[in-house]
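In what follows, a single structure is set out as structure tokens and then discussed.
The values are calculated or read from the model by the stated rules, or taken from the named source; none is laboratory data. Just so it is clear, the model here is predicted, and its values are computed rather than measured. These accessible areas exclude ligands, DNA and RNA; they are computed on the full protein's heavy atoms, side chains included. Shrake-Rupley method; radii C 1.70, N 1.55, O 1.52, S 1.80 Å.
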Amino acid sequence: MTNITLFRIFPIFATLVCLAFVLGGCGGGGAGTGSVGGGSGTLAIHLSDAGGNGITAANLTITKIEAHIGSKWETVFTGSQTVNLLDLRNTDMVLGSALVTAGNYTQVRIFVSNATVTDATGVHSVTIPSGLQTGIKVNLNYTVNPNVITDILLDFNVGKSFILQGNGVYRLQPVIPAVIKILSGTATGTVSDAGGLVEGASVTAIYTAGSSYPLLTEVNGTFTQADGRFKVWALLPGTYTFTFSYVNPATSMTETATVTGVSVAANANSDLGAVTIL
């Protein structure tokens, strides 16, 4: 059963603490590197977005995607495609798909040649440390089996990945939870307060029961959209507590809610319904 706890915190300045590591999922064929009996399989890399409060567009130009097996990198995509991450809050897209050597893989890396962020003050350039030279590396142990399609989901957390510097330039510091798509679930709902639907409320998924993560791990999060909707991606199975927080600009008060006992299953969505923050 899902329980909702409502409470109000009077004016405070909140500091959001970001996870400094990337959460990895488990592959379907065990640990180790190298091939699994030879042959090849199809690897598809999907991308979704966790959203970012105050950011209205985040455009990345991706030129190459590779996956690491043993001592080599397999190419999954090469070319040029520009993606607005904010378009991927409710749906995922396939960044690249290719026939690769079957075996146990340990990383995906994405080469980004250019990035811009749009917020209330305009369009800003983004500094990309090693984005073009060595790529953005995401750790994930997974197995590509012969003659089947393996789908990997990378959930790009815009709110935690783009850091505004004092000179008005954003710096890319990627926070990208990664999972085997079919082994993970999602959670959705809407958030409102006394004034109606809320845009920009933070949503955090905390793991409270199961064996997929250490208990009380902040697994993933997002922000609500203009219509109050949210979707949290890349959640491995188990039980979660969802916390909600929003600083009401009209009152300067922090409105919050907590939803406990939410069960998330693989390849399924858990609907939290309508959540009211007070």
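Could you run the Karplus curve 6.51 cos²θ - 1.76 cosθ + 1.60 with θ = phi - 60° over the range 168-177 and give me ³J(HN,Hα) per residue in whole Hz, x for Gly and Pro?
These are the phi-based 3J(HN,Hα) values: x, 9, 7, 10, 7, 10, x, 10, 9, x Hz.
Can you list residues whose amide H is under 5 Å from VAL275's amide H, if they're 5+ apart or on another chain and H is modeled 1.01 Å from N?
Excluding prolines and chain starts, which carry no amide H, the hits are THR190, VAL191, SER192.
If you take the square roots of the eigenvalues of the alpha-carbon gyration tensor of the range 97-205 and sort them as a ≥ b ≥ c, do you get rounded (a/c under 1.5), prolate (a/b over b/c) or oblate? Don't jump to the answer; show the numbers that get you there.
Values: a/c = 3.13, a/b = 1.33, b/c = 2.35.
Cα axes put the range 97-205 in the oblate bin.
Calculate the tail of P(r) for the range 111-269: the fraction of all Cα-Cα distances greater than 23 Å, expressed in %. Let's see the in-between values first.
On the way: 6251 of 12561 pairs.
Here the tail beyond 23 Å accounts for 50 percent of pairs.
With a 1.4 Å probe and every protein chain left in place, work out the accessible area per residue of the chain in Å², rounded to a whole number.
Per residue, the chain has an accessible area of 44 Å².
Using amide H atoms built in the peptide plane, which far-off residues or other-chain residues are under 5 Å from ALA201 H to H?
The answer is THR224.
What is the antiparallel percent of DSSP beta bridges lying wholly in the range 157-278, to the nearest 5?
Details: 31 of 37 bridges.
Roughly 85 percent of the beta bridges in the range 157-278 run antiparallel, per DSSP.
Keeping the other protein chains in place, figure out the carbon and sulfur percent of the accessible area of the chain, with a 1.4 Å probe.
Accessible surface attributable to carbon and sulfur in the chain totals 54 percent.
With n ≥ 4 as the cut-off for DSSP H runs, can you work out [θ] at 222 nm for the chain, using -39500 (n - 2.57) per run divided by the number of residues, rounded to the nearest 500?
On the way: 1 runs with 4 residues, N = 278.
When only DSSP H runs of four or more count, the value is 0 deg cm²/dmol.
Please work out the C-alpha center-to-center distance from the range 129-165 to the range 51-105 and express it in whole Å.
The two parts, judged by their Cα centres, are 7 Å apart.
If you take the square roots of the eigenvalues of the alpha-carbon gyration tensor of the range 89-155 and sort them as a ≥ b ≥ c, do you get rounded (a/c under 1.5), prolate (a/b over b/c) or oblate?
It comes out prolate by the Cα gyration axes.
Give me, ordered by chain and number, the residues 5 or more places off LEU95 or on other chains with an amide H under 5 Å from its own placed amide H.
Correct list: ILE45, HIS46, LEU47.
In percent, how large is the relative contact order of the range 191-278, given Cα pairs closer than 8 Å and 6 or more residues apart?
Working: 191 pairs, mean separation 26.2, N = 88.
Rounded, it is 30 percent for the range 191-278.
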